[in-house]
Each structure stands twice: as structure tokens, then as C-alpha cells.
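Data block below; observations after.
The values are calculated or read from the model by the stated rules, or taken from the named source; none is laboratory data. Note that this is a predicted model, so its numbers are computed, not measured. Every residue, glycine as well, gets a Cβ built from its backbone with ideal geometry; the counts of neighbours run over all protein chains shown. To get the accessible areas, we keep the full protein, side chains included, count just its heavy atoms, and leave off ligands, DNA and RNA. Shrake-Rupley method; radii C 1.70, N 1.55, O 1.52, S 1.80 Å.
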Amino acid sequence: MTATPVNNSVRDLYHQLMLFARHTARFRSIGIPDLNSYFKAAEEAAQNGDAASTMFKLIDATSVRRTRRFIQQHYPDAELDGKPIDFPIPRLRTKQYELDAAFLDSSPRSATTSII
């Protein structure tokens, strides 16, 4: 789905999930017999400021919250397509450049950018 979801309502998440689930009974195995009814209850809870705890079961079942460090520590032998997962080591480097060409006046400007 997305790493940085911007939802205007609880119902936006419902529609995102339905893109993949294709049926409101898809989450029956985790104790949600009807996704539409589940979201109606969550919308009511959201009006009382408590949507998060109402939605926990679904969010926990559909979200992947694993950092590189977590995977390296807890799954050192993890594989993807039969190959060991190898996270590259970030190497910081500095790139300096002049911005004079980007501006019409002749006052010198420079910038430094760090690239990972």
C-alpha cells in the first residue's frame, strides 16, 4: 500500500484494503467476519476519538513494521527469492556545486548536499 498513508477518514483505509482484499469477508480468519461492519464500528469509535484501539486487530494483521536493523538482528538467515538478504551499508558522501548558472544575477552562491 503505502509507507506514508494520508487518510482523510477511516473509510479511506477501508477502500485501500479493498483494493487487495476484494471481499469484505477476507479477514474472517483474524476474527473480522465483515470488513464493512468492522469499519462502521471504527467510524463510530473515531467520533469518540478511539479509532486506533478499535482498528488494532486489522492494522496489526495488515501492516509490516520491520526496520533493516530489526531484520538483521532477528532474521540473520532471511532470504528473498532464495538469496540471502544483503542490506547495503549507507555511505555518506558530499557533493559541492555552484548555483550561479541557476540564477540571473552574478552573486556567487554555493551549496553542499549530503547524499546517502
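Taking 7 Å steps out from each Cα toward its Cβ at Ser9 and Ala102 produces label points 4.1 nm apart. What number comes out for the charge environment of Ala21, summing +1 per Lys or Arg and -1 per Asp or Glu over other residues with Cβ under 14 Å away? Once positives and negatives cancel, what remains is +2.
Please list, or write none, the lysines whose alpha carbon is within less than 26 Å of the alpha carbon of Lys57, excluding same-chain residues fewer than 8 places away. Excluding near neighbours in sequence, the set is Lys40. 3J(HN,Hα) along the range 14-25, derived from phi through the Karplus expression 6.51 cos²θ - 1.76 cosθ + 1.60 where θ = phi - 60°, amounts to 4, 5, 5, 5, 5, 4, 9, 6, 6, 8, 5, 8 Hz, with x in place of Gly and Pro.
Roughly how many Å² is the accessible area per residue of the range 29-93, as a whole number, for a 1.4 Å probe? It would help to have the intermediate numbers written out before the result.
Values: 5320 Å² over 65 residues.
Heavy-atom accessible area per residue stands at 82 Å².
Look at where the Cα atoms of the range 74-91 and of the range 25-62 average out, and the two centres are 33 Å apart.
With all protein chains in place and a 1.4 Å probe, the accessible surface of the range 39-79 carries 47 percent carbon and sulfur. Once both labels are positioned 7 Å from their Cα atoms along Cα-to-Cβ, the gap between Ser29 and Ile85 label points is 2.0 nm.
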